[in-house]
Amino acid sequence: MSSALIIFAKAPFAGLAKTRLIPALGPEGAAALAERMLRHAVGQALISGCETVELCVTPDTTHPAFARLVAQSGGGLLLSEQGAGDLGQRMDRAITRALQLHGRALLMGTDAPGLNATVLRAADVALGSHDAVFVPALDGGYALVGLTHPQSDFFVDMVWSTPHVMAHTRARMQAAGLRWAELDPVADIDEPPDLAHLPPGWLQ
């Protein structure tokens, strides 16, 4: 059964990317870290073993970092736009589209350096015996979701960027009678205190 891995990313423009880190890093520093995390996410995805890797971006595909990553991938990275709607609508649309062509779809962000190729492979394997897989985030959300069938109810009317996203998602899965797996939680890099979770040297 083939797998698609979708990376959701925001263009690393100063003043647009990682704005909550600006008090600690400044606009340029926050954007530089966003681009570093983007490169890391794409690099790990490309060696994860998933048949298709798609970089799905907002607000559009024009940032030069995207073109560089596509070129460096040697054809292994697809580039697409997230389109309109709130985060849940965009995630649902991307996963549903991928599941039209693949038996499994994984969607990740770029904010969690702990999402390495080993974790991505484990998530893909988990979908062989579960309806869904998640990598929870330490802040109460999740850094990765994987599905074998579209599940729009996971994403509709969810209050994102709160400590309750994963808990609400568990309740929805339980109500739907789904089997899901959760891997070890990882740290999202969103706020200045989160910088302590960065790999050594990433801010140099």
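The values are calculated or read from the model by the stated rules, or taken from the named source; none is laboratory data. Owing to the predicted nature of the structure, the values given are computational and were not obtained by experimental measurement. Glycine gets a Cβ as well: all are built from the backbone with ideal geometry, and neighbour counts include every protein chain shown.
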Exercise. Within the group Pro136, Pro113, which residue is at pLDDT 95 or above and assigned to a strand (DSSP E or B)?
Worked result: Pro136
Seminar exercise, completed: Within region 99-121, the residues that are among the hydrophobic types (A, V, I, L, M, F, W, C), farther than 16 Å from Phe155 by Cα and within 15 Å of the chain's Cα centre (by Cα) are Ala112, Leu115, Ala117, Val119, Leu120
Exercise. Regarding Asp188, is this residue at pLDDT 95 or above, surrounded by fewer than 18 Cβ atoms within 10 Å (Cβ to Cβ) and not polar (S, T, N, Q)?
Worked result: no
For this session: Would you point out which residue out of Met37, Met1 is surrounded by 19 or more Cβ atoms within 10 Å (Cβ to Cβ), touching a residue at least 60 places away in the same chain (Cβ under 8 Å) and either under 12 Å from the mean Cα position of the chain (by Cα) or not in a helix (DSSP H, G or I) (or both)?
Result: Met37
Seminar exercise, completed: Filtering region 92-142 for residues that are without any contact (Cβ under 8 Å) to a residue 40 or more places away in the chain and either in contact with an Asp or Glu (Cβ under 6 Å, 6 or more places away or on another chain) or surrounded by fewer than 19 Cβ atoms within 10 Å (Cβ to Cβ) (or both) leaves a count of 6
Exercise. Give me the pairs: first residue in region 154-183 and on the phi < 0 side of the Ramachandran plot, second residue in a helix (DSSP H, G or I) and hydroxyl-bearing (Ser, Thr, Tyr), beta-carbon distance under 7 Å, and six or more apart or on different chains, which are they?
Worked result: Phe154/Thr169
Exercise. Which one of these is of a type in the set (Lys, Arg) and within 26 Å of Thr62 (Cα to Cα): Arg121, Arg90?
Worked result: Arg90
Exercise. Can you pull out the residues in region 148-204 that are farther than 20 Å from Leu87 by Cβ, part of a helix (DSSP H, G or I) and either touching a Gly at 6+ places or on another chain (Cβ under 6 Å) or not small (Gly, Ala, Ser) (or both)?
Worked result: Gln174, Pro192, Pro193, Leu195, His197
Problem set entry | Criterion (surrounded by 17 or more Cβ atoms within 10 Å (Cβ to Cβ) and within 13 Å of the chain's Cα centre (by Cα)) met by exactly one of Ala9, Ala17, Ala30 | Ala9
Problem set entry | Given (1) surrounded by fewer than 16 Cβ atoms within 10 Å (Cβ to Cβ); (2) among the charged types (D, E, K, R); (3) closer than 28 Å to Ala32 by Cα, index of the condition Arg179 fails | (3)
